[in-house]
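Down below is the structure, laid out as structure tokens.
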Amino acid sequence: MSRASLDKQPRDVAAMFDDVAERYDVTNDVLSLGQDRLWRRAVLKAVDAKPGERVLDIAAGTGTSSEPFADTGVHVVPADFSLGMLRVGKERRDDLGFTAADAMRLPFADASFDAVTMSFGLRNVADIDAALREFARVSKPGGRLVVCEFSQPVNGAFRKVYSEYLMEALPRVARKVSSNPESYVYLAESIQAWPDQRALATRVAAAGWGSVEWRNLSGGIVALHRAVKSA
Ligand SMILES: C[S@@+](CC[C@H](N)C(=O)[O-])C[C@H]1O[C@@H](n2cnc3c(N)ncnc32)[C@H](O)[C@@H]1O
């Protein structure tokens, strides 16, 4: 069983997700205490896709983040570089059109999507600035970006309790439910090392996106960053 380290070598990250693929969705539900369903609804609302629009869900994994789009009739393209995650997704929802793709070098034409969304993927990418620039390249002028990622709880006391959950309780629970508990130690460490809401917004803007804003979910455990590609 493999886990990635914080330098996030693409080969290690893809292998780690290959290992957790079979039990990924059930483990997610348990570890997030069911909050993940609420976060997915918020992403759908923030992307606000209109009928006929094309949405790229990059780092879609098993497609759980793409399903809400497909289920409302939006043309969503779920893409990921873990073939293991794509295989599990394809077994479950063959209609989704899963595509192998690396966020840092997307196999899509310039200006080919109305929106790009990424849920719980950016934190795992080795060069997030390169990925954010790629998202701008494949977006049409006026296209939207919505990044859903773990972030920093805004309340100091809650932040302390959450940090203890992350570093102590979460790895213990993962040992019971995950096929690769070590990868959940990586999850906890990578969340702690991730830029906070403001710092991530600055990186998004520096990659060529305009009107960058964010919204906290579950007290800032998760943040949704939204931006628009200038016309
Ligand atoms: C935590 S899962 C999230 C899956 C899905 N979006 C969801 O919300 O359930 C993170 C996914 O990011 C993918 N990933 C990480 N780095 C990537 C990259 N550079 N290109 C494409 N996918 C990547 C992993 O393979 C994994 O499937």
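The values are calculated or read from the model by the stated rules, or taken from the named source; none is laboratory data. This is a predicted model, so every value here is computed, not measured. Neighbour counts are summed over all protein chains in view; Cβ atoms, including those assigned to glycine, are modelled from backbone coordinates with ideal geometry.
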Within region 8-30, how many residues turn out to be over 18 Å from Ser82 (Cβ atoms) and either more than 16 Å from the chain's Cα centre (by Cα) or aromatic (Phe, Trp, Tyr) (or both)? 1
Here is a list of conditions, (1) over 21 Å from Val125 (Cα atoms); (2) surrounded by fewer than 18 Cβ atoms within 10 Å (Cβ to Cβ), and Glu53 meets all of them except one; can you say which number that is? (2)
Anything in region 175-231 that is out of contact with any Asp or Glu (no Cβ under 8 Å at 6 or more places or on another chain), among the charged types (D, E, K, R) and part of a strand (DSSP E or B)? List them, or say none. Glu213, Arg215, Lys229
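Quickly run through region 60-112 and pick out the residues that are closer than 30 Å to Ala231 by Cβ and among the basic types (Lys, Arg). Even if it seems obvious, please write down each step before you answer.
The initial filter retains those residues of region 60-112 that are closer than 30 Å to Ala231 by Cβ, namely 60, 65-66, 68-70, 72-80, 97, 99, 101-112.
If the condition is that a residue be closer than 30 Å to Ala231 by Cβ and among the basic types (Lys, Arg), then Arg105 is the only one that fits.
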Candidate set: region 113-132, residues that are touching a residue at least 60 places away in the same chain (Cβ under 8 Å) and more than 13 Å from the ligand (Cβ to nearest atom); chosen: the one surrounded by the fewest Cβ atoms within 10 Å (Cβ to Cβ): Asp114
What are the residue pairs meeting all of these: first residue in region 155-167, first residue touching a residue at least 12 places away in the same chain (Cβ under 8 Å) and farther than 15 Å from Val222 by Cβ, second residue surrounded by 11 or more Cβ atoms within 10 Å (Cβ to Cβ) and among the aliphatic types (A, V, I, L, M), Cβ atoms under 6 Å, and 6 or more apart or on different chains? Met167/Ala188
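Go through region 84-112 and give me each residue that's part of a helix (DSSP H, G or I), without any contact (Cβ under 8 Å) to a residue 40 or more places away in the chain and farther than 14 Å from Ala59 by Cβ.
Taking region 84-112 first, the residues part of a helix (DSSP H, G or I) are 84-92, 94-96.
Of the ones still in play, those that are also without any contact (Cβ under 8 Å) to a residue 40 or more places away in the chain are 86, 89-92, 94-96.
Within region 84-112, Lys90, Glu91, Arg92, Asp94, Asp95, Leu96 qualify.
For Arg40, state whether it is more than 8 Å from the ligand (Cβ to nearest atom) and either at pLDDT below 95 or touching a strand residue (DSSP E or B) at 6+ places or on another chain (Cβ under 9 Å) (or both). Explain how you work it out, then say what you get.
Details: more than 8 Å from the ligand (Cβ to nearest atom): no; either at pLDDT below 95 or touching a strand residue (DSSP E or B) at 6+ places or on another chain (Cβ under 9 Å) (or both): yes.
Spelling it out, it is not the case that Arg40 is more than 8 Å from the ligand (Cβ to nearest atom) and either at pLDDT below 95 or touching a strand residue (DSSP E or B) at 6+ places or on another chain (Cβ under 9 Å) (or both).
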